Amino acid sequence: MLSRIKDLVATLAPRLIEIRRHLHSHPELSGQEHQTAAYVAGVLSSCGLRVQEAVGRVGVVGDLIQEGAHDRLLAIRTDMDALPIQERTSLEFASRRAGVMHACGHDVHTTVGLGTAMVLSQLGKDLPGNVRLLFQPAEEVAQGAGWMVEDGVMDQVGAIFSVHVFPSIPAGSIGIRYGALTAAADDLEMTIIGESGHGARPHEATDAIWIAAQVVTTLQQAISRTQNPLRPVVLTIGQINGGRAPNVIADQVRLQGTVRSLHPDTRTQLPAWIEQIVAGVCQSYGAKYEVNYRRGVPSVQNNLALTQIVEAAAAEAWGHDRVQILLEPSLGAEDFSLYLEHAPGTMFRLGVGYKDRPNYPLHHPQFEVDETAIVTGVVTMAYAAYKYWQQQGSSSSP
Ligand code: NI
């Protein structure tokens, strides 16, 4: 089966490059992926998939259903949106839209999804299960996955695979991460409420600026003294507003920040932990407070058994020396985690780095990918999907 998949992908390679270049030159911002979605739907229909459009607002779902198979689905998720960045590459297929660029490789992800659909649809009855391809909008704003899930795309899904490009891994290699891949990213907003007064008479006022400063300092110190150092927490206050005049004691300060964590148990206790510290500081000095902790996307936790399937698929396809086990997670966020609240899954890193010249990071206006990675990505994804169903078939009845 592996050599059959490799042959199919080799034949498709020129078409896949063409698709990727088309997508790259026509990037669309989060939630506005209308042309991309129509293009994706067209390719999926031409492969004989059952296609639903306008799922999750602008998303597309393509189902490859085997006759007589049970109704469980393996989902494969890719994302379609670009970033508000002015492209500064000299590629002949550079963005044709001013101020919009595929600088996070979602054009490659969409191409890998389409390539996987093309290959799996040609396997016919030799694919031992159903596959659902998800093309989601608005990943960059961490919204699209939620929209897709709300529209029921995870119903009957037993497992889900996804992929993200990674410029620090060379093209031709795959990055595999066990456990946490990305962090949970939550929003924090706090208001410290004191009592205004004359700048010269602090004893008659309650200084919200001084208390807010204590809150920020105490929170940072408390992380190092009360949180498990093996379960990292990053708390960044990025915005602070308060006060009206240099000689007037401020009665209110508003603090806003982001809270990143990797371990689900850590995340669960963070709102109460923050509130306890803020309450303690404020009560000591007679201030009131409000704490608003808004949960954003959870941490992506790669499932062990599914990650083993992808690792085995990649190692068989490319050799162990082209499979890198990633030792560290990222404290970035990825809304793939929202699908994982409904089924176990795993996301692998697709190396897209050039070996013979410097690589720009993701979200950089000169970000480029070595396109040979597309074949690596499609073979790995398609073969992992095949192996998933092969394993399921040997362990459960249809
Ligand atoms: Ni991305």
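The values are calculated or read from the model by the stated rules, or taken from the named source; none is laboratory data. What you are looking at is a predicted structure, and each value in this text was computed from that prediction instead of being measured. Don't worry about glycine lacking a Cβ; one is built from the backbone with ideal geometry, like all the others, and counts go over all protein chains shown. Ligands, DNA and RNA are excluded from the accessible area calculation, which covers all protein heavy atoms including side chains. Shrake-Rupley method; radii C 1.70, N 1.55, O 1.52, S 1.80 Å.
In summary, the lysines within cross-link reach of residue 387, defined as a Cα separation below 25 angstrom excluding same-chain residues under 8 places away, comprise 6, 125. The heavy atoms of residue 236 offer some 70 square angstrom of accessible surface to a 1.4 angstrom probe.
Please check the chain for the longest run free of trypsin sites (Lys or Arg not before Pro) that are loop-located per DSSP (anything but H, G, I, E, B) and have at most 12 other Cβ atoms within 10 Å.
Numbers: sites that count: 96, 244, 355.
Longest gap between qualifying sites, sites excluded: 97-243.
For the chain, the longest principal axis of the Cα atoms and the long axis of helix 373-395 meet at an angle of about 80 degrees.
As a test, work out the antiparallel percent of DSSP beta bridges whose residues both lie in the chain, rounded to the nearest 5. Kindly include the intermediate steps, with their values, before the conclusion.
Details: 44 of 68 bridges.
Of those bridges, close to 65 percent are antiparallel.
For segment 184-297, what is the charge dipole size about the Cα centre, in debye to the nearest 20, if Lys and Arg each add +1 at the Cβ and Asp and Glu each add -1 at the Cβ? Could you put the intermediate results ahead of the total?
Numbers: 10 positive and 10 negative charges, 60 e Å.
Here segment 184-297 has a charge dipole of around 280 debye.
Of the peptides 107-113, 207-213, the ranking by mean beta-carbon count within 10 Å, highest at the top, reads 107-113, 207-213.
The charge dipole of the chain, taken about its Cα centre with unit charges on the Cβ atoms of Lys, Arg (+1), Asp and Glu (-1) only, comes to about 480 debye. A 1.4 Å probe run over the chain, with the rest of the protein chains in place, finds 43 Å² accessible per residue. Assuming charge only on the beta carbon of Lys and Arg (+1) and of Asp and Glu (-1), the dipole of segment 125-233 about its Cα centre is about 580 debye to the nearest 20.
In the chain, the calculated helix contribution to ellipticity at 222 nm averages -12000 deg cm²/dmol per residue, counting -39,500 (n - 2.57) for every DSSP H run with n ≥ 4.
Are there GluC sites (Glu not before Pro) in segment 30-126 that DSSP marks as loop and that have at most 12 other Cβ atoms within 10 Å, and which are they? Write down the numbers at each step before the final one.
On the way: sites: 33, 53, 67, 87, 92; in loops: 33, 67, 87, 92.
For GluC sites (Glu not before Pro) across segment 30-126 that sit outside H, G, I, E and B with at most 12 neighbouring Cβ atoms in 10 Å, the list reads 67, 92.
Length available on full extension from residue 70 to residue 225: 0.36 nm per residue minus the Cα-Cα distance, which gives 50.6 nm.
The HN-Hα couplings worked out from phi for segment 289-300 by the Karplus form 6.51 cos²θ - 1.76 cosθ + 1.60 (θ = phi - 60°) are 8, 10, 10, 10, 9, 10, 6, x, 8, x, 6, 6 Hz, whole numbers, x standing for Gly and Pro.
With the full set of protein chains in place, find how many percent of the accessible area of segment 184-297 is carbon and sulfur; take the probe as 1.4 Å. Write out the running numbers ahead of the final one.
Details: 3130 of 6280 Å².
Heavy-atom surface of segment 184-297 belonging to carbon and sulfur, 1.4 Å probe: 50 percent.
Could you tell me which residue out of 259, 293, 212 lies farthest along the dipole of segment 184-297 toward its positive end? Charges go on the beta carbon: Lys and Arg +1, Asp and Glu -1, centred on the Cα centre. The residue sitting most towards the positive pole is 259.
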